[in-house]
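Step one of this worksheet: look at the structure below.
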Amino acid sequence: MYRELWVVVRDEIRDLIISGELASGDRLIEDDLAARFHVSRGPVRTALMELERVGLVVSSPRKSSQVATFGPDDLDELYELIMGIESFGISRGVERLDDATLQELYGVQESLERAEAEGDRLGAVEHDLDFHRHLCGLASNRRLQAVWEQLSDQMRFVIASVQRVDPAVATKEGEHRHIIEALARGDGEAAVAALQEHLEIARARMSDVRQAVGSSETDESRMGGARVAPS
């Protein structure tokens with residue numbers, strides 16, 4: 001399948017951000033990235049613009065682009081939006097939920113658990129997102145799904161950041177399975193409650209990660225260290 005060059009570069013940079021090789025605050029210098037990926041600056045510039053649109057990169061007219069940093073307010077807003085969207089999906093879709101859709105959810109969860117067992121972190125992140133994409137999709141609302149997709153890269157970043165500290169983040173204490181089991185019973189209220197509990201726990205884990213990262217960055221700044229995009 002043909003993909004435009006800037007799309008390939010965007011995906012490469014996004015994977016570096018999600019994996020943590022490019023960390024929050026790292027400078028993204030067009031010349032360095034172009035040399036790394038053996039392309040001209042044009043595809044890199046377009047890729048960075050797209051990553052800025054989805055919230056993974058920030059830039060200013062006088063400074064180079066940087067990997068986005070998620071503060072407490074950013075995380076709260078993101079989780080509140082995701083919680084609202086997926087809760088609506090569950091509430092609207094639980095009455096028409098069929099066995100095939102339930103089996104899809106179980107299948108995604110099993111793929112997630114298998115990826116984590118194999119140490120495939122990026123794969124686990126994708127399966128985790130796919131699970132939540134299915135919850136949103138229960139509403140069968142195209143515009144709602146489009147909003148969720150716009151937020152998915154930020155969720156990728158958040159989940160991966162937590163996962164590097166807690167590899168079992170997505171399946172801890174069967175959080176996803178509690179949601180599926182409630183859906184299987186046709187209990188929309190219990191499914192929404194399980195989802196909200198899961199997301200609240202995930203948000204708390206992210207706060208713990210931020211504190212750990214903040215301490216690390218403080219130690220680094222005392223030593224005069226600075227991170228730049230690796231070449």
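When Arg133 is tested against (1) in the same structural domain as Met206 (by TED's automatic domain parsing); (2) of a type outside the set (Ser, Thr, Tyr); (3) farther than 21 Å from Ser161 by Cβ, only condition (3) is not met. When the residues of segment 113-127 are filtered to those that are under 17 Å from Glu175 (Cβ atoms) and not charged (D, E, K, R), the one that is surrounded by the fewest Cβ atoms within 10 Å (Cβ to Cβ) is Ala117.
On the given criteria, is Ser65 polar (S, T, N, Q), at pLDDT 90 or above and surrounded by fewer than 13 Cβ atoms within 10 Å (Cβ to Cβ)?
On the way: polar (S, T, N, Q): yes; at pLDDT 90 or above: yes; surrounded by fewer than 13 Cβ atoms within 10 Å (Cβ to Cβ): no.
So Ser65 fails the test.
Mind checking which residues of segment 1-21 are charged (D, E, K, R), more than 16 Å from Gln163 (Cβ to Cβ) and either in a helix (DSSP H, G or I) or in contact with a Gly (Cβ under 7 Å, 6 or more places away or on another chain) (or both)? Working first, answer last.
Kept after step one, since they are charged (D, E, K, R), are these residues of segment 1-21: 3-4, 10-12, 14-15, 21.
Still in the running and more than 16 Å from Gln163 (Cβ to Cβ): 3-4, 10-12.
Scanning segment 1-21 gives Arg10, Asp11, Glu12.
Restricting the first member to segment 180-194 and to residues that are under 10 Å from Val94 (Cα atoms), and the second to residues that are surrounded by fewer than 20 Cβ atoms within 10 Å (Cβ to Cβ) and charged (D, E, K, R), the beta-carbon pairs closer than 8 Å and six or more apart or on different chains are Gly186/Glu95; Gly188/Glu95. Taking segment 22-116 and the helices (runs of 4 or more DSSP H) fully enclosed by it, the elements with 2 or more residues that are among the basic types (Lys, Arg) and more than 15 Å from the chain's Cα centre (by Cα) are at 41-53.
Matching residues to (1) out of contact with any strand residue (DSSP E or B) (no Cβ under 6 Å at 6 or more places or on another chain); (2) surrounded by 14 or more Cβ atoms within 10 Å (Cβ to Cβ); (3) over 16 Å from Leu183 (Cα atoms); (4) in contact (Cβ under 8 Å) with a residue 12 or more places away in the chain:
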{"residue": "Pro72", "(1), (2), (3), (4)": "yes, no, yes, yes"}
{"residue": "Ser87", "(1), (2), (3), (4)": "yes, yes, no, yes"}
{"residue": "Gly93", "(1), (2), (3), (4)": "yes, yes, no, yes"}
{"residue": "Ser111", "(1), (2), (3), (4)": "yes, yes, yes, yes"}
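Name the residues in segment 19-57 that are under 15 Å from Val8 (Cα atoms), crowded, with 18+ Cβ neighbours inside 10 Å and among the aliphatic types (A, V, I, L, M), would you? Hits for segment 19-57 are Leu33, Val44, Ala47, Leu48, Leu51. When the criteria are applied in full, Leu16 fails the requirement of being in contact with a Ser or Thr (Cβ under 9 Å, 6 or more places away or on another chain) and either not assigned by TED's automatic domain parsing to the domain that holds Met155 or not small (Gly, Ala, Ser) (or both).
When Ala100, Ala34 are screened for being assigned by TED's automatic domain parsing to the domain that holds Gln145 and farther than 27 Å from Ala202 by Cβ, only Ala100 passes. Taking segment 129-138 as the range and being part of a helix (DSSP H, G or I) and either within 12 Å of Ile18 (Cβ to Cβ) or over 11 Å from the mean Cα position of the chain (by Cα) (or both) as the test, the residues that pass are Leu129, Phe131, Arg133, His134, Leu135, Cys136, Gly137. When Ser140, Ser152 are checked against the criterion of being assigned by TED's automatic domain parsing to the domain that holds Ile85, over 17 Å from Gly93 (Cα atoms) and among the hydroxyl-bearing types (Ser, Thr, Tyr), a single residue qualifies: Ser152.
The values are calculated or read from the model by the stated rules, or taken from the named source; none is laboratory data. On a predicted model such as this, the values are computed, not experimentally measured, just so you know. So basically every Cβ, Gly included, is an ideal-geometry build from the backbone, and we count neighbours across all protein chains shown.
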